[in-house]
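To keep things clear, I will list the structure first and then write my remarks on it.
None of the figures in this text is laboratory data; all of them are computed from the coordinates on show. Note that the coordinates shown come from a computational prediction; the quantities given were computed from them, not determined experimentally. All Cβ positions, even for glycine, are placed from backbone atoms using ideal geometry, and neighbour counts span all protein chains on display.
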Amino acid sequence: MPAPPLNGADRPVARAPLLAFRGVCAGYGGADILHQVTFDVPEGGLTCVVGPNGAGKSTLLGTVSGIVKCRAGDVVFRGEPLGKASPRRRLELGIVQVPQNHSLFREMTVRENVELGGFILKDRALVRKRYEQIAETIPVVAERAKHKAGSLSGGQQRLVEFARCLMLDPALVVLDEPSMGLDPRTRRTVFETVRTLHRSGRTILLVEQNARAGLRLSTHGVVLENGQVRLTGSGRDVLENPEIGALFLGGSPRSATGSAERTAQPAS
Ligand SMILES: Nc1ncnc2c1ncn2[C@@H]1O[C@H](COP(=O)(O)OP(=O)(O)OP(=O)(O)O)[C@@H](O)[C@H]1O
Ligand SMILES: [Mg+2]
């Protein structure tokens, strides 16, 4: 049997898409921001979408959570078009999102915020059990459980937001610019936590302004420009693509990885 293909992190790539964008056109007030967006988010993978400010990355994630409607095309989850499924229905299916802007209730405690992530669960014992498990995985939750969320640093709040989204034991975790506004050390902790989530078996769809760092973590990369898919490939292939490196990643890709032998596939 042939060896499975390797990805940017030198781990086998799972091939079946958990989520797929199929010709997605979407926007606001009649004007499309996304134009025929098509790509797969493989199950078990960490797919990182990069692109300039205003490219439509957050809008794309909005079509996954259901807050942005597709005017044409659809987002497909486990082979089923999500169509008009409500944001709540999408949560029930196991699709959770951490938004670009901070979203904790500042006057509530860390524990209360995390438990809110399980608001659609009826079983209180399950909520408690999940909370205990998550507090072990993300230490700041246990350390600051009784503190008001508003008293935490930006990086700590990010980690609590991750914790909150885990309450539904999600199949797909969608993260919009988790490292935004963080100092380099805190950013590393956040990326480390993203890696831990991925290694624990979650499928992750990540949008990241720190494109190199995001692509280095990822199994799959997607470049979005002006609402269109410009390039798809393994995380490493996108990272090493000379044109993309120069345009979007700030300089030569060789300097980041030391090799640029393989090239990613331009989107058709
Ligand atoms: N609620 C909205 N109503 C109208 N236009 C919007 C809305 N949200 C975003 N836009 C516009 O849609 C375009 C894409 O925005 P979007 O936030 O998806 O980009 P992005 O790639 O996430 O950018 P950034 O890197 O700055 O987060 C931009 O021109 C933006 O001004
Ligand atoms: Mg955005």
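Residue-wise HN-Hα couplings along the stretch 51-60, as the Karplus relation 6.51 cos²θ - 1.76 cosθ + 1.60 with θ = phi - 60° gives them from phi, are x, x, 4, x, 5, x, 5, 5, 4, 4 Hz; Gly and Pro carry x. The lysines within cross-link reach of LYS129, meaning a Cα-to-Cα straight distance under 19 Å and a gap of 8 or more places when in the same chain, are LYS146. The phi-based Karplus calculation (6.51 cos²θ - 1.76 cosθ + 1.60; θ = phi - 60°) puts the 3J(HN,Hα) values of the stretch 29-43 at x, x, 9, 6, 9, 9, 10, 6, 7, 9, 6, 9, 10, x, 5 Hz, whole numbers, x for Gly and Pro.
The translational diffusion coefficient of the chain, from Stokes-Einstein at 20 °C and 1.002 mPa s with a Kirkwood hydrodynamic radius over alpha carbon pairs, comes to 113 µm²/s. Of the beta bridges in the chain, as assigned by DSSP with both residues counted there, near 60 percent are antiparallel. Shown here is the pair-distance distribution of the stretch 163-222: with all Cα-Cα distances grouped in 10 Å bins from zero up to the longest one, the shares run 21, 59, 19 percent. Rounded to the nearest Hz, the phi-derived 3J(HN,Hα) couplings of the stretch 155-161 under the Karplus curve 6.51 cos²θ - 1.76 cosθ + 1.60 (θ = phi - 60°) are x, 5, 4, 4, 5, 5, 5, where x marks glycine and proline.
Put simply, the amide H of VAL41, placed in the peptide plane, has neighbours under 5 Å in LEU18, LEU19, ALA20, PHE21, leaving out anything fewer than 5 places away on its chain. Panel order for LYS57, LYS84, by other beta carbons found within 10 Å of each beta carbon, from fewest to most: LYS84, LYS57. Our estimate of slack between ASN101 and GLU243, defined as 0.36 nm per intervening residue step minus the Cα-Cα distance, is 48.1 nm.
Would you mind checking which residues have amide H under 5 Å from LEU175's amide H? H placed 1.01 Å from N; only 5 or more apart, or other chain. HN-HN under 5 Å from LEU175: VAL98, LEU205, LEU206, VAL207. Here the chain is scanned for GluC sites (Glu not before Pro) in DSSP loops (not H, G, I, E, B) that have at most 15 other Cβ atoms within 10 Å, and the longest stretch holding none of them is 108-260. Remark: ARG185, ARG90, ARG128 ranked as ARG185, ARG128, ARG90, counting other beta-carbon atoms within 10 Å and listing the fewest first. GNM remark for the chain: springs join alpha carbons under 10 Å apart, and the peak mean-square fluctuation among PHE119, PHE21, PHE162 falls on PHE119. Estimated from helical segments only, the mean residue ellipticity of the chain at 222 nm is -9500 deg cm²/dmol, where each DSSP H run of four or more residues counts as -39500 (n - 2.57).
Remark on ARG230: its backbone amide H falls under 5 Å from those of VAL223, LEU224, GLU225, a criterion applied only to residues 5 or more positions apart or on other chains, H modelled at 1.01 Å from N.
The three principal axes of the Cα atoms in the stretch 127-233 give end-to-end lengths of 45, 29, 21 Å, sorted in falling order. Cross-link partners for LYS84 among the aspartates and glutamates, with Cα-Cα distance under 12 Å and sequence neighbours closer than 8 places in the same chain left out: ASP74.
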